[in-house]
Amino acid sequence: MHLPLLSTPSPVRAWRAGLPLCLFTALLMAWAWHLKDPRLLMLRDVEWPLLLALSAAGGLGAWALRPSPWRWLAVWGVSVTVALTAVGQLHHHHRQQWVLSQPPEVLALAPHFIVGYTDPAVIREWVAKGLIGGVFITARNVQGRSAEVLQAEIAELQTLNREAGRPPLIVSTDQEGGAVSRLSPPLPRQDTLASLARRAADDQALAAMAYEHGHQQGTALAALGVNVNFSPVVDLKVERGRHLLDFHTLISTRAISADPMQTALTARAYSLGLQQHGVLPTLKHFPGLGDVVDDTHYFSAQLLTDPQTLRERDWRPFRDVAASTQALIMLGHVVVPQIDAKAPASLSRALIQTVIRGEWQHEGALVTDDMTMGAVYNRGFCQAVPQALNAGVDLLLIAYDEDKFFDAMYCAARAARERQLDSGLLAQSRQRLKALRAHWPPPAKAPGADGRVANSAVSASSLR
C-alpha cells in the first residue's frame, strides 16, 4: 500500500508536521532508556510490546513525511527506541537467568533480601531455591482472599524453607493502624498509635493502651504467620500544612507525638505487646522524617535539622526503644548533610557505623525502606545496593517492584565476586541475622489435605 506523502510545501508546514513526531519519538527513547522503571510498574506486563507498537506507529508517521531532516531525525529516534527496548529486555533476562541459576555469590547474599511479590508460584520458586531471606506481605497479597488462605500460603513458604535446612523466613508487613493497615481486611483495622496518645488520661494509661494495641495486633499477625511488622512510626509529629509534593509519606498523620518522651513511651509499650507473640516491631524511619518536606517515594530529600538537636530530640525514641525491645530499625532514604553530605541514611556508613553502631552501641538488625523508592533508585540502583551492604545494612527491602530483586542481587553478587563488599561487615551482619531468627520457633508444617495449618501457635479463629 502506498502511503501518500504529507503536503509540506513550506518550511513552516514542515516544522509543524515534523516537530511533534520528533518529540513523540524522543519520549519513546526516554521510556525505552528507563525500561522496567519502578514508576512504570503498572505498564510492566505490556511495556515492551507497547513500546514496539508505538515505535512502529512513529516509523509509519516518519515515512509519511516528505524527505527532510525531520523525517530522518524521527526515523533515527524510532530505531534507537527499538534497539534500547531489545537491549533492555535481553539485559533483564540475562540477570534473571543468572540469579535463578544460583551461583554461590547469590546464595551467600540471599539472607539479606526481603522481597514483595504478586504471584505466589514465583515466590515459592525463589524460596525453594534459597534466593531470598524474607518476604513482604501487603494489600495486593490479601485482596479478595481470606485470612486462612494467606495463612496457608505463608506456612507453605516456611515449610519449603525448613525442608531445605534453612532458618525461618522473615515474613514482614506494614500494619501500623489507621490508613497504613495493609492487611485490613482480612485483619481487623485498628486506630493509629497517635489516637491513643490523644485519648489517654496520663502516661500510665497511655502505656497500658499501647501495650494492648500491640498485643491485639501481634495476636492477629502471628496467626497469619507474620513475624516482623514495620511499625511503629517514631518520627516526631510536626504540625504543618501538607507539602504539595508529599504524596505518600504524610508523617504528620502517622507520627505518635511531637514529644520524644511520649513517642518513646507509646512505641516501647506497643513494641512489647507486639513481640509478646513473636512478632518483632520496627522503628521507622531513621533519621526521622518529621522535619522532611519531600516525599522520598519520588524525590531526594534532606534533613537539615542540626545534629545536636537530632541527638537530643528526634533520635531519642529510636535509641531508647531500640535499647529496651527487640525492635529492628528501618533506615529512610534521607540525607543528613551535616553528617553525610552525599548518602542517604539507608546507604550511609557514617550514620550507621558512627551513630547507630558507635554512639548508641546498638547491635540490632537494620532494614532499609523500599530500595525501589525514587530517593535511592534515582541515584543508580546497581551502585546503591552494594553501598547499603558496605554501610552495614542487614536487610534490603524490595517491596514494590519484585522484578528489581534480580537487578539488586546481580549487582550485589557482582560486587562480592569482584571483592568490593566489606567482608568484615557482612560477617557481623550474618551474626545479627542469626540472632534475629533465633527469636522464632521452627515454622509450622504445611497445610494438610483439609486446608488447615498444623502446629500453629495461634488458631485461625483469632484472626477474627
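The values are calculated or read from the model by the stated rules, or taken from the named source; none is laboratory data. If you're wondering where the values come from, they're calculated on a predicted model, not measured in any experiment. As a convention, Cβ positions derive from the backbone with ideal geometry for all residues, glycine included, and neighbour counts pool all protein chains shown. In case anyone asks, the SASA skips ligands and DNA or RNA and just uses the protein heavy atoms, side chains included. Shrake-Rupley method; radii C 1.70, N 1.55, O 1.52, S 1.80 Å.
Name the one entry in Leu193, Leu157, Leu187 that is modelled with pLDDT under 95, in contact with a Leu (Cβ under 7 Å, 6 or more places away or on another chain) and not polar (S, T, N, Q).
Every option except Leu187 fails the conditions.
Being under 21 Å from Leu283 (Cβ atoms), in contact with a helix residue (DSSP H, G or I) (Cβ under 9 Å, 6 or more places away or on another chain) and in a helix (DSSP H, G or I) is the filter here, so list the residues in the stretch 175-207 that pass it.
Of everything in the stretch 175-207, those that are under 21 Å from Leu283 (Cβ atoms), in contact with a helix residue (DSSP H, G or I) (Cβ under 9 Å, 6 or more places away or on another chain) and in a helix (DSSP H, G or I) turn out to be Leu193, Ala194, Leu196, Ala197, Asp203, Leu206, Ala207.
Could you tell me which residue of the stretch 1-52 is modelled with the highest pLDDT, considering only residues that are in a helix (DSSP H, G or I), basic (Lys, Arg) and within 28 Å of the chain's Cα centre (by Cα)? First the steps, then the outcome.
Within the stretch 1-52, the first condition is being in a helix (DSSP H, G or I), and the residues that meet it are 11-33, 38-52.
Subsequent filtering for residues that are basic (Lys, Arg) retains 13, 16, 39, 44.
Still in the running and within 28 Å of the chain's Cα centre (by Cα): 39, 44.
Details: Arg39: 87, Arg44: 90.
Checked the stretch 1-52; the qualifying residue modelled with the highest pLDDT is Arg44.
Of the conditions (1) of a type outside the set (Gly, Ala, Ser); (2) in contact with a helix residue (DSSP H, G or I) (Cβ under 7 Å, 6 or more places away or on another chain); (3) farther than 24 Å from Arg319 by Cα; (4) part of a loop (DSSP other than H, G, I, E, B), Glu239 fails just one. Which one is it?
Failing condition for Glu239: (3).
Filter the stretch 360-377 for residues that are out of contact with any Lys or Arg (no Cβ under 8 Å at 6 or more places or on another chain) and either in a loop (DSSP other than H, G, I, E, B) or without any contact (Cβ under 8 Å) to a residue 24 or more places away in the chain (or both); which is nearest to Val393 (Cα to Cα)?
Top of the filtered list is Asp370.
Working only within the stretch 246-302, note down all residues that are open to solvent by less than 50 Å² (accessible area, probe 1.4 Å), at pLDDT below 85, in a helix (DSSP H, G or I) and among the β-branched types (Val, Ile, Thr).
The answer is Ile251, and nothing else.
Test Leu60 against the criterion of being modelled with pLDDT of 80 or more, farther than 30 Å from Asp407 by Cβ and surrounded by fewer than 17 Cβ atoms within 10 Å (Cβ to Cβ), and give yes or no.
yes
Contact list please: Cβ distance under 7 Å, first residue in the stretch 151-172 and assigned to a helix (DSSP H, G or I), second residue open to solvent by less than 10 Å² (accessible area, probe 1.4 Å) and small (Gly, Ala, Ser), pairs at least six apart or on different chains.
Gln151/Ala223
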